[in-house]
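Structure, as structure tokens:
The values are calculated or read from the model by the stated rules, or taken from the named source; none is laboratory data. As the structure is a computational prediction, the values presented were derived from the model and not from experiment. Positions of Cβ are generated from backbone atoms using ideal geometry, with glycine treated the same way; all protein chains shown enter the neighbour counts. Side chains are part of the model used for accessible areas, which takes the heavy atoms of the whole protein and leaves out ligands, DNA and RNA. Shrake-Rupley method; radii C 1.70, N 1.55, O 1.52, S 1.80 Å.
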Amino acid sequence: MPPVHTGAPVITGASTPSSPQPEPRSPGRPGYRRMSLALFAAGLATFALLYSTQALLPAISEGFGATAGQASWTVSAATGALALFVLPLSALSERFGRTRMMTWSMVVAVGIGLLVPFAPNLEWLVALRAVQGAAIAGIPASAMAYLAEEVKPKALVGAIGLFVAGNSIGGMSGRLVTGWAAQLGGWRAGLLAVGLMALACAVAFLVLLPRARFFRPASLNPRAVGRTVTGHLRDPLLLRLYGIGALFMTVFGAVYTVIGYRLVDEPFSLGQGVVGSIFLIYLVGTASSAAAGQLVARAGRRGALYLAVTTTALGLLLSLSDSLAAILLGLVLITAGFFAGHAVASAAVSRTARTGRAQASALYQSAYYLGSSAGGTLGALAYNSAGWAATVGIALLAVLGVVSITLYGSHAARAERRVPASAAAVR
């Protein structure tokens, strides 16, 4: 295994006036491509492992004699554990380094991924998935803090968009691999295949990731961490961004946890491999998240969010059709809207937080994955009770929440602009 960089600064001697100072990375500069590829691989492995059971839920239900709601815990346990552990692990990354935290999280998550296929019952499967989710928690917030420190501000949205694009590719390829492997050898073979794929991504990450040049270790003083977290939770803009991330992910979790059950049932009766292939739609998310920077540049942050949420809502309404073509088009729109909204909101968190960026990103990730857990569980329960229309109803309520928060943010921004103008008129 290649040497692992810890992210801590390396002191080679006293600096001199002639010593060149490193510049933040940007497109076309040395190391930017390696950094982007490494974090793309990390994002790919993260989503492939985190949602590895999602496309297999109908097969897992059949294998263990479980309902959709019970089987959905193999997804919700992983995302819920990630939400709980992302903040403490991000605090550790402030002390020990972003790259060290990402490395150990990747190693543990992949190791458990190779054990998950051998779970003897549903309870063990849920427990292993929870531990895996806790391990994965060290990757997202640390990656975003790493990018915020290492990349020029103007290139930050694009860099985070590439990381999120890795998420979408991971979500797509993980479900595609598990679906066809499960059709050939059962759901256990599907989980083993995605574990091996994540192992290859982990090796690429270790080989490619450049050493952090701007990280400065901070203390692990719990009071200091508490003050930082409290400060973030008192920031109205950050709170709105956390709410937007949670609600977007509620939509996504509900739709993609349940869609497999709908498509294997009548009138569609699709096979497990074909259902897994539906997740090729994630490629749309890759494009929309990577283009988020240009979208913000043209329409502004709130304009980009309005466009993302409108696209998502249209997709949800289309998915109510009994036409397979309309459902697929609906999934395309839902996926494009979700990934664009997520990329915009997560980049805004990194730019808004001036200190404690890892904690700010961790709080966003915590809200985001709590939304995933809530969406997956509520969506499955709604489907058991009243079918796909009920699942869409849950998702549309979350969409309405995003619209409300964004409208409130627009109103607050206008009010803030009026205050200085009024003060100047008084003077």
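Using the structure shown, decide if Ala55 is within 20 Å of Gly376 (Cα to Cα) and in a helix (DSSP H, G or I). Judged against the criteria, Ala55 is a match.
When the range 199-234 is limited to residues that are at pLDDT 85 or above and open to solvent by 70 Å² or more (accessible area, probe 1.4 Å), the one that is farthest from Ile139 (Cα to Cα) turns out to be Arg234.
Listed residues Val86, Val110; which is within 20 Å of Tyr368 (Cβ to Cβ), open to solvent by less than 10 Å² (accessible area, probe 1.4 Å) and either out of contact with any Lys or Arg (no Cβ under 8 Å at 6 or more places or on another chain) or without any contact (Cβ under 8 Å) to a residue 12 or more places away in the chain (or both)? None of the others qualify; the one that does is Val86. Exactly one residue out of Arg25, Arg95 is over 30 Å from Gly276 (Cα atoms) and either buried (at least 21 other Cβ atoms within 10 Å of the Cβ) or at pLDDT 85 or above (or both), and it is Arg25.
Of the helices (runs of 4 or more DSSP H) lying entirely inside the range 242-358, the ones with 3 or more residues being at pLDDT 90 or above and either buried (at least 24 other Cβ atoms within 10 Å of the Cβ) or within 22 Å of the chain's Cα centre (by Cα) (or both) are found at 292-318, 324-352.
For the range 360-369, the set of residues classified as modelled with pLDDT under 90 and open to solvent by 10 Å² or more (accessible area, probe 1.4 Å) consists of Leu363, Ser366, listed by residue number.
Yes/no matrix, rows are residues, columns are (1) modelled with pLDDT of 95 or more; (2) in contact with a strand residue (DSSP E or B) (Cβ under 9 Å, 6 or more places away or on another chain); (3) open to solvent by 50 Å² or more (accessible area, probe 1.4 Å):
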residue	(1), (2), (3)
Arg100	no, no, yes
Trp104	no, no, yes
Leu125	yes, no, no
Leu128	yes, no, no
Gln132	yes, no, no
Ala137	no, no, no
